[in-house]
Every structure is written in structure tokens, then in C-alpha cells.
1. Just for strands (runs of 3 or more DSSP E) wholly inside segment 134-234: which have at least 2 residues that are under 13 Å from the mean Cα position of the chain (by Cα), closer than 26 Å to residue 248 by Cβ and at pLDDT 95 or above?
2. At least 3 residues that are touching a residue at least 40 places away in the same chain (Cβ under 8 Å) in each: list the strands (runs of 3 or more DSSP E) lying fully within segment 83-127 that qualify.
3. On the given criteria, is residue 135 within 19 Å of residue 271 (Cβ to Cβ), surrounded by fewer than 23 Cβ atoms within 10 Å (Cβ to Cβ) and in contact (Cβ under 8 Å) with a residue 60 or more places away in the chain?
4. In segment 176-193, which residue that is surrounded by fewer than 16 Cβ atoms within 10 Å (Cβ to Cβ) and in contact with a helix residue (DSSP H, G or I) (Cβ under 8 Å, 6 or more places away or on another chain) is farthest from residue 159 (Cα to Cα)?
5. Pick from 27, 38: which is modelled with pLDDT under 90, surrounded by 14 or more Cβ atoms within 10 Å (Cβ to Cβ) and either over 26 Å from residue 267 (Cα atoms) or touching a strand residue (DSSP E or B) at 6+ places or on another chain (Cβ under 9 Å) (or both)?
6. Which condition number in (1) assigned to a loop (DSSP other than H, G, I, E, B); (2) at pLDDT 95 or above; (3) surrounded by 23 or more Cβ atoms within 10 Å (Cβ to Cβ) is the one that residue 239 fails?
7. Can you pull out the residues in segment 260-288 that are in a loop (DSSP other than H, G, I, E, B), touching a strand residue (DSSP E or B) at 6+ places or on another chain (Cβ under 7 Å) and more than 17 Å from residue 179 (Cβ to Cβ)?
8. Mind listing whichever residues of segment 62-82 are under 17 Å from residue 253 (Cβ atoms), assigned to a loop (DSSP other than H, G, I, E, B) and touching a strand residue (DSSP E or B) at 6+ places or on another chain (Cβ under 6 Å)?
């Protein structure tokens, strides 16, 4: 997601280790039944309820409070903890809803245009190494930027991109048949060479899909619906910069609006726009 977060992490480590990268043709998936689930959120609860705050925390604002206005990408949303922007739907799913902003809310560029929500497991739980997955139905519309991603636990003491980033799923709201996965680190950040698009059949982006990453000390693999679509090796990464992926990561879910990725919305008719998350699960490698 190439965004920098500005709070420290004092966390319970679910696992620990590393990642790596280059082409899926050279990376075979591990055998089945190699994972043990160690953490999850199934988002059960009544409609309108908050999520489990022992598992997730909010990021609030437009990024300026962390010295990172626009979250590093000139985004236009103001993240809130309001049930109008994030709550359970009573059907075992989390709703993240982007809306047009009320008139009295101020952002770095003037009156805020949009509100949305962003949550992280920072300060709650870390995942590494192993597998992290979520089943998600994306919001659609030009200017939306739904994402499921992870940052290295060392932020902000270790700034981006040295902290490391794994983008499990990102989507340009204008592209209804494509999601992408990527990794970032020192020497391979921003317009990273380590990114890959997954193309769906027409309209399939509006359905639920399972997005996942698996990583260890020598590989990173990205999956959609349990099919690997991109793999990267440590040796490939080290041709560009330092390998920083052998560390714990925390999980992030958000629905951004505007900015560099898909441009600012050209029409407010897409709002409210809802990203549904059925579950998030963390796995560690099964002991041999």
C-alpha cells in the first residue's frame, strides 16, 4: 500500500521469521496441510456492533497527526471509528464504508471530501512467518482503493520502506477485474519491481475471494482462492536492496479514497461504498 504509519508496536508475536521474492514460475507452493491456525477474527456479532477491540485498533484522521498528511499518497479520506464507517453487519462480516464527509470535518487540503475506516492489529498481534488470509468482497468505483496488507512491526522507529511491506491485495476501484499484490523495502519501494496483477473474469471482483500471503526465509507467495499467482525469492530481492522481510508483521485493512493509486473520484455517485471482510486468519507452519 506504500503508506507509512506513525505509532509504535508493542505486540504479542504469533510467529516470527522472513520472506523472499521473484517469479511464480520458479516458486512451487508448499504441500497441503502444512499450516496451523493460531489467530482469527470471524467478525461475529450483532448488526451495528463494533469489532473485537482486543484484536484490532483504529487509525484515525488524514495522516497529519503522524506527520504524513494524505497517508503518503495524497489520499482524500478522513479515517474515523464511527459505526457509519466501520461496524459488523450481523451476518459474520465486517463492513468498511466510505462516505461523503460531513461539512464540519477538516482535512489537510481543506474541508474533508470523504470519510472511511482503517484498522490494524498493531499493538495486538503479529504474524510471521506462515500464512495470512482474508475473505473479502471489494467496493467498486473509480477513486476507491480497498486494501489488505501488512507492515513490519518496527514502525515508526524503522521508517518506511526499511520497515518492509507486504501488499496481499490492492484494487483500483476503476478496474473491476483486477487486483494486485506487491512487496516493498529499501531499494524496491514505491514503483516496486515486485508487483503482480491477478486478472478475474468479468465482474468477478464484486464477489467474495480469499486473498493470502505465505512467506518464510527464502520465499514470498501471493494467492487468490488458494491458487498462487505470484512468487518472489530472496535472491531476486537482494539484487535491488537489503532483505528486510525476516521479521514479524501486523495486519491492516482499509478502504482509501483518492490519491495516487486510482486518482480522485470523478463522481460521488459511488458513495456509500462498502468493503466486506468475512474473516481474517493467521497460520504458522505445522511442526514437523
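The values are calculated or read from the model by the stated rules, or taken from the named source; none is laboratory data. Bear in mind the structure is a predicted one, so any value in this text is a computation, not a measurement. When we count neighbours, we look across all protein chains shown, and the Cβ atoms used for this are built from the backbone with ideal geometry, even at glycine.
1. 144-152, 165-170, 178-184, 209-215
2. By residue number, 94-100, 118-120.
3. Here the answer is no, as residue 135 does not meet what is asked.
4. Restricting to residues being surrounded by fewer than 16 Cβ atoms within 10 Å (Cβ to Cβ) and in contact with a helix residue (DSSP H, G or I) (Cβ under 8 Å, 6 or more places away or on another chain), the top hit is 177.
5. Just a single option satisfies the conditions, and that option is 27.
6. It is condition (3) that residue 239 fails.
7. Scanning segment 260-288 gives 265, 271, 272, 286.
8. If the condition is that a residue be under 17 Å from residue 253 (Cβ atoms), assigned to a loop (DSSP other than H, G, I, E, B) and touching a strand residue (DSSP E or B) at 6+ places or on another chain (Cβ under 6 Å), then 75, 80, 81 are the ones that fit.
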